[in-house]
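Working notes for the structure below.
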Amino acid sequence: MNKILLALTDREDAIRINNYLEDNSYQPYIVTDSASLIGKLKAGFDMLIIDSDIANELELNIIKFIKERHPGMRLILVCSREQLDRVIKSASSEGFDYILKPVNLNELKFLLERSAAVSVAEISQDNEPDYFEGRFVGKSDKIRKVMAVVKKVAKNESNILITGETGTGKELIARAVYELSRRATKPFIAVNSAAIPENLLESELFGYRKGAFTGASSDKKGLIELADGGTLFLDEIGDLSMGLQAKLLRVLENGDLRRLGDEASKTVNIRVIAATNQELLKSIKEKTFREDLFFRLNVIHIHIPPLRERVEDIPYLLRFFIEKYNKAERRNIVGIDANARAALLNYEYPGNVRELDNIVQHAFAMAPSDIITAADLPVTLQGISPFKKLSAPAPEGETTDGSDRELNLAAAEKSYILKALSKYSQNHTKAAKALGISRSTLWRKMKEYGINLPEE
């Protein structure tokens, strides 16, 4: 990825970036207005760095245009802080990168490295066996995309930021990247920034020399030094103090590491994979997280979707956990009844996959037979049906009496049943299964709501 087209309104800034790119063996070309941009694109550039003002001047959707006319071209949108929120929302779905004005050359370097990493991965052939088989469970499109990204970027040396809610499997993904990387024979050091007291975290990360503080009776290597040559996984990176963020930044910039109480420093060679359940861009705005550290870590971004957004993975996860605990506890649980299954499929899982794992453990402890029933589930799941989400409290400011509530729920249940019957061409068996209820319950509900449809 060498040929780069710069479409920037600020000519001085364009020249500054142009000189930087030339010094780093890129082949840049500058345009400063929308009129000359389209024609110049025909020259076949690898990347377009375009000012949002020029993009807005064009009588077309530049992102869609690039995708359709120049599918191999990468795009970086240069935007103002006022435009940032809108740009962030579309960047992920539209598949482009962004950078703030004025362009920070270090940040630009990271984006160029990331684009190069993805480009190399896209043209390489993946002939390896499926690493994820039996390790990361799921068949949904969303989780398959995560696995595909991991395979693409694992052998690259760039730092990675993994985001996702608690319990989604961020450390599992970090380990996958490590085990598929060229550093797999070197150390993998995992650090949970939130689990170590703040007053101990610095010495744990950076190590110390004898006498550095009371109790430092001998030299001690820190976790960063122990990861030398390998991979450092920093979980809950958003909980790191601003002081430690600054020290970590120095390590990432030049590999310079200094133990507490030591006048000399040493150089370490590590790949950092960071993870967080926090919105770091919000933390940056609130000045609780360093923007420069964010760009150092976010060279490659992997987002793990919550379980509620990939419900189709729940049956596979259930099967996995049942097999796991059958083996561990020498049981022979053979399945889950319809009511329990309905509850499990319609639960929101605020704790994601980790919570589902705990739920199955609970069910194993409570189940007296070889079938898990609704009574074996935690109290929070008992009574959940396909219609539970419809029975949520009225929105704030709205009031309903009991009769109105019953009418609303009845209408909602009837609608669900009609949709299921329509989807499965009036096949009662399939509709009941999809709703998570028995066939006899479906018939009772149909009679209750006056749904007179012929038997299949």
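Just to be sure I understand the filter: pairs with C-beta atoms under 6 Å, separated by 6 or more residues or on different chains, first member in the stretch 369-389 and modelled with pLDDT of 65 or more, second member assigned to a loop (DSSP other than H, G, I, E, B). Which pairs pass?
Matching pairs, first to second residue: D370/N332; D370/I333; D370/V334; I371/D337; T373/D337; A374/Q382; D376/A367; L381/Y347.
Within the stretch 306-326, can one find any residue that is under 30 Å from F110 (Cα atoms) and modelled with pLDDT of 90 or more?
yes
Any residue in the stretch 68-83 that is in contact with a Phe, Trp or Tyr (Cβ under 8 Å, 6 or more places away or on another chain), part of a helix (DSSP H, G or I) and in the same structural domain as D13 (by TED's automatic domain parsing)?
no
Within the stretch 399-430, which residues are hydrophobic (A, V, I, L, M, F, W, C) and modelled with pLDDT under 70?
First pass over the stretch 399-430, keeping only residues hydrophobic (A, V, I, L, M, F, W, C): 407, 409-412, 417-418, 420-421.
The answer is L407, L409, A410, A411, A412.
Residues checked against (1) in contact with a His (Cβ under 9 Å, 6 or more places away or on another chain); (2) surrounded by fewer than 18 Cβ atoms within 10 Å (Cβ to Cβ):
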site	(1), (2)
G138	no, no
D141	no, yes
N159	no, no
T163	yes, no
P197	no, yes
L223	no, no
T231	no, no
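Consider E263 carefully, then state whether it is free of Cβ contacts under 8 Å to residues at least 12 places away in the same chain and either farther than 17 Å from L161 by Cα or part of a helix (DSSP H, G or I) (or both). Even if it seems obvious, please write down each step before you answer.
Values: free of Cβ contacts under 8 Å to residues at least 12 places away in the same chain: yes; either farther than 17 Å from L161 by Cα or part of a helix (DSSP H, G or I) (or both): yes.
Against the criterion (free of Cβ contacts under 8 Å to residues at least 12 places away in the same chain and either farther than 17 Å from L161 by Cα or part of a helix (DSSP H, G or I) (or both)), E263 qualifies.
Going through the stretch 323-363 one residue at a time, which ones are without any contact (Cβ under 8 Å) to a residue 24 or more places away in the chain and of a type in the set (D, E)?
Residue satisfying the conditions is E323 alone.
Output yes when any residue across the stretch 275-282 is in a strand (DSSP E or B) and farther than 18 Å from I160 by Cβ, and no when none is. Show your work before the answer.
Step one: filter the stretch 275-282 for residues in a strand (DSSP E or B), giving 275-276.
Those still in the list that are farther than 18 Å from I160 by Cβ too: none.
Looking for residues that are in a strand (DSSP E or B) and farther than 18 Å from I160 by Cβ, one finds none in the stretch 275-282, hence no.
Of the residues in the stretch 27-40, how many are surrounded by fewer than 19 Cβ atoms within 10 Å (Cβ to Cβ) and at pLDDT below 85? I'd like the intermediate steps shown before the answer.
Residues of the stretch 27-40 that are surrounded by fewer than 19 Cβ atoms within 10 Å (Cβ to Cβ), as a first pass: 27, 29-30, 32-33, 35-36, 38-40.
Filter again for at pLDDT below 85, leaving 32-33, 35-36, 38-40.
Qualifying residue count, the stretch 27-40: 7.
Which members of the stretch 202-221 meet the condition of being buried (at least 20 other Cβ atoms within 10 Å of the Cβ) and within 30 Å of N156 (Cβ to Cβ)?
L205, F206, G207
The values are calculated or read from the model by the stated rules, or taken from the named source; none is laboratory data. What you see is a predicted model, and the numbers here were worked out from it, not measured in a lab. Here the Cβ is made from the backbone with ideal geometry for all residues, glycine too, and neighbour counts use every protein chain on show.
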